[in-house]
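Here is the structure we will look at, set down as structure tokens.
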Protein chains: 2
Amino acid sequence: MAKEKENKNKKTGQIKKTVNVGILGFGTVGSGTARILVENKDLLSARLGFPVTLKKIADLDIKKDRGIALGKDVLTTDARQVTDNPDIDIVVELIGGLGVARQLMMRAIKNGKHIVTANKALLAEHGQEIFGAAKKCGVNVGFEASVGGGIPIIKALGEGLIANRINYVYGIVNGTSNYILTKMTNEGVEFSKVLKEAQELGYAEADPTLDVGGADSAHKLAILASLAFGIPLSYESVYTEGITGITPLDISFASELGFKIKLLAIAKAADGQVELRVHPTMLPKDYLISKVDGVMNAIYVNGQETGDTLYYGRGAGDMPTGSAVVSDIAGIAQRIMSGAPPKSGLGAIKMKKSGPPMGLRRMDEVESMYYFRFSALDRPMVLSKISGVLGENNISIASVIQKGRKEGGAVPLVILTHKAMERNVRKALKKIDSLRAVVTGKTCLIRVEGEE
Amino acid sequence: MAKEKENKNKKTGQIKKTVNVGILGFGTVGSGTARILVENKDLLSARLGFPVTLKKIADLDIKKDRGIALGKDVLTTDARQVTDNPDIDIVVELIGGLGVARQLMMRAIKNGKHIVTANKALLAEHGQEIFGAAKKCGVNVGFEASVGGGIPIIKALGEGLIANRINYVYGIVNGTSNYILTKMTNEGVEFSKVLKEAQELGYAEADPTLDVGGADSAHKLAILASLAFGIPLSYESVYTEGITGITPLDISFASELGFKIKLLAIAKAADGQVELRVHPTMLPKDYLISKVDGVMNAIYVNGQETGDTLYYGRGAGDMPTGSAVVSDIAGIAQRIMSGAPPKSGLGAIKMKKSGPPMGLRRMDEVESMYYFRFSALDRPMVLSKISGVLGENNISIASVIQKGRKEGGAVPLVILTHKAMERNVRKALKKIDSLRAVVTGKTCLIRVEGEE
């Protein structure tokens, strides 16, 4: 019964023997994907029960040798030989960015091609358009590679934990920032110096803004949160702060207080609202995620039923990301061969219809613990004035570090708070930072996660 | 197009509106599963696009109040009302063990029911029979809950990492043993004392043999290895050693050498052979998995393409395991509603046909680093004699700890080796342990993982 069903093309009545793939973009991830499809062809065929064939790769540069044995006629500079090719079932978009990638993806969808992509920016910023078109055209959109590189986090969240009410998802989802923070922590050096080194080593882009400014993490968070909470993609609502302001001094105070600083992407649900934020975060040193160093990524998912689960691995790179791309290709290929209808792309799209509505919490109303480093003048009454302003704003102090002396000058004064509301914190810091007889500059603020 | 296809029963032509589930066994995991199906019914329905209905639960004890709001007629003491019920699509076997569970599962399969189970022992020991029957009858067998409780490791390995050649899988897959080792490590107390405490707290069974003797880990390893390497289920070939021989003394030496002791289930592939072993293992303290304490589980999967990935969470308990059961129910329900043919249950079954054949490496031929603790007589020439025998057997010493003095008596002499072959190690220890002028008792051996 199953046999009959499989592989039969409804229109032509022909038995389909293979699933054909076309790739747009032969850069890092494109090369990794192509390499896996070529070099692991037999393995995949054995696991799937049918072969997956790499038919076409379109890129502007088809001269460069990527060291992959491709059949002749596979490479083309004409993207339409992928998007408009009647032989191709799945189009893999690995161009990146919001321009030509978007046009070609939409074109391929309208041509009835299934889509696999690693493009978090495009999904996070134009996901409604893309998933909407895919639904209309009855095609799948696979995006395992968009978050966490080789870690199958999309599958874990969307399928493995489907039985769970998700309480929170948080993680290290940008390898470049984690590499920089790890280096700063281990070697006590300045951000700018480590960034330069990372750029020389190829761990950071020439323009590192997307990574160190937090936008890349925010794109990924929007995708995770949509899956976890059934909310629409909400990239524009993610509060985003990068790591450019982190100093070795704060890292060293963090350590003294028992914390490590990580750039976290955080999505938490409570009281029917979801908060979405990306910012440097102090985490207790003994948390598993605090030990995730270098370019590695890790994501906690806390489900009502499972409690904490954690997923760890390489968040970028040709082969890990290619592995995620190919897992999507395999999943969609299996659906094609078995005649199953497409899955809806994101939990979000279905949840909007029937799930309980979840609002977004404004950053102002988020509650967190805080680390403040004041540039406090070394004179009497300064601590009293600062703690007074905090108290007036309902911010309660958990601990204080004051060290060094510099009469007439400024010394760092570190305060760790209990849970307080962001709005109150901003109000208090604005007031304190205006007290010229108390502080000499802008206060450094880092949010703290962990048990109170 | 998709719409038409969905939900139509081929035989009756009726539109199917819900998927019906029957549970065999209303114990811990049965209760967790039932609770999720009842309490998260709306959530699941929103995520899936159709409802899943809990029709029947069969157990001998249907009087006990589990605090779950069940419709009348759901509970029955007659298992056939589940296995033979024409209304039920998916039978969830949560009885455990190899007896009645096996009979009922086979009966349900022959009745055309899809199966979901948490029964690792049954799958590991009778998997060929079960998966064979399932294939013949065209039904799915879901077993996410059989390994790692709430961690979606089966999905990660079988689907998420499908593009990877797997190099190794190793993990902490028995929460009871990990709880005991953690307590022994943190408090320096004897195995038997911690076991007693764990039994009183309900963390260990009255008969703890399956857990602390390693068989439970070996069951799970057989399942993981079959998926990872496409080999048949090979429970009987897993070398298995439990934690009953671990002493606080060895834990303390391990710590001094920079290691933690964990009960690991290890499957490694090299040169076309797979080694399968469960034993207490010394791991470098800074490995992420060394920090997985208490009842938590964690599994490393190293793929050729992704490199190391790690999956962490609760390995047991009503709700985490129920979460895994329900994720399988959801996946199978989706296939039923979309008319997709069943997936083959295990990668193994397919791989046997077309994948490259992988043999099993005999334990004798496994290479590992080793920790030996000799009860050495405190007299001249002892170290020389021991190291002489090791050298004769091609075992090279990495470090030595000898402490304390007890002239005429025995003192612990600890030796850490470089990589050596198990066969040679056994031969050497047999010889050393027979030297009455050198040692006073049986040498303690613990295998060591990590970089050399």
Q: Scan segment B:119-135 and give yes if some residue there is open to solvent by 50 Å² or more (accessible area, probe 1.4 Å) and within 12 Å of another protein chain (Cβ to nearest Cβ), otherwise no.
A: yes
Q. All but one of (1) open to solvent by 20 Å² or more (accessible area, probe 1.4 Å); (2) farther than 28 Å from A:Val173 by Cβ hold for A:Ala58; which doesn't?
A. (1)
(Q) Could you check segment A:419-439 and list, in sequence order, the residues that are in contact with a strand residue (DSSP E or B) (Cβ under 8 Å, 6 or more places away or on another chain) and surrounded by 15 or more Cβ atoms within 10 Å (Cβ to Cβ)? (A) A:Ala420, A:Met421, A:Glu422, A:Val425, A:Leu429, A:Ile432, A:Asp433, A:Val438, A:Val439
Q) Which of the residues that make up segment B:155-180 are crowded, with 18+ Cβ neighbours inside 10 Å, assigned to a loop (DSSP other than H, G, I, E, B) and within 14 Å of chain A (Cβ to nearest Cβ)? A) B:Leu161, B:Ile162, B:Ala163, B:Asn164
Q: Looking at (1) at pLDDT 95 or above; (2) among the hydrophobic types (A, V, I, L, M, F, W, C); (3) over 17 Å from the mean Cα position of the chain (by Cα), find the lone condition where A:Leu201 falls short.
A: (1)
(Q) Please verify whether A:Gly49 is under 20 Å from A:Gln334 (Cα atoms), of a type in the set (Gly, Ala, Ser) and either free of Cβ contacts under 8 Å to residues at least 60 places away in the same chain or open to solvent by 40 Å² or more (accessible area, probe 1.4 Å) (or both), treating the condition exactly as stated. (A) yes
(Q) Every residue in segment B:288-308 that is open to solvent by 10 Å² or more (accessible area, probe 1.4 Å), more than 9 Å from chain A (Cβ to nearest Cβ) and more than 19 Å from A:Pro320 (Cβ to Cβ), please. (A) B:Asp293, B:Gly294, B:Val295
Q. Residue check: is A:Ala108 in a helix (DSSP H, G or I), surrounded by 24 or more Cβ atoms within 10 Å (Cβ to Cβ), modelled with pLDDT of 95 or more and within 14 Å of chain B (Cβ to nearest Cβ)?
A. no
Q: Enumerate the pairs (first residue in segment A:177-198 and in the same structural domain as A:Lys262 (by TED's automatic domain parsing) and at pLDDT 95 or above; second residue anywhere and among the charged types (D, E, K, R) and crowded, with 20+ Cβ neighbours inside 10 Å) with beta-carbon separation below 8 Å, excluding pairs fewer than 6 apart on the same chain, so at least 6 apart or on different chains.
A: A:Ser177/A:Asp211; A:Asn178/A:Lys262; A:Leu181/A:Lys262; A:Thr185/A:Lys260; A:Val189/A:Lys183; A:Val194/A:Lys183
Q | All positions within segment A:17-46 that are more than 14 Å from chain B (Cβ to nearest Cβ), surrounded by fewer than 22 Cβ atoms within 10 Å (Cβ to Cβ) and more than 14 Å from A:Asp328 (Cα to Cα) | A | A:Lys17, A:Thr18, A:Gly27
Q.
Against the conditions (1) touching a helix residue (DSSP H, G or I) at 6+ places or on another chain (Cβ under 8 Å); (2) more than 30 Å from B:Gly322 (Cβ to Cβ), where does A:Gly150 fall short? Just the number, please.
A. (2)
Q: Filter segment A:61-77 for residues that are surrounded by 14 or more Cβ atoms within 10 Å (Cβ to Cβ) and touching a helix residue (DSSP H, G or I) at 6+ places or on another chain (Cβ under 9 Å) and give the result.
A: A:Arg66, A:Ile68, A:Leu70, A:Val74, A:Thr76
(Q) Within segment B:309-331, take every residue that is within 7 Å of chain A (Cβ to nearest Cβ) and among the hydrophobic types (A, V, I, L, M, F, W, C) and give me the one that is nearest to A:Gly307 (Cα to Cα). (A) B:Met319
Q) Does B:Val274 meet the test of being open to solvent by less than 10 Å² (accessible area, probe 1.4 Å) and within 10 Å of chain A (Cβ to nearest Cβ)? A) no
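The values are calculated or read from the model by the stated rules, or taken from the named source; none is laboratory data. Since we're looking at a predicted model, the values are computed, not measured. Methodologically, a virtual Cβ is constructed for each residue, glycine included, from the backbone with ideal geometry; neighbour enumeration extends over all protein chains shown. The accessibility values were calculated without ligands, DNA or RNA, using every heavy atom of the protein model including side chains. Shrake-Rupley method; radii C 1.70, N 1.55, O 1.52, S 1.80 Å.
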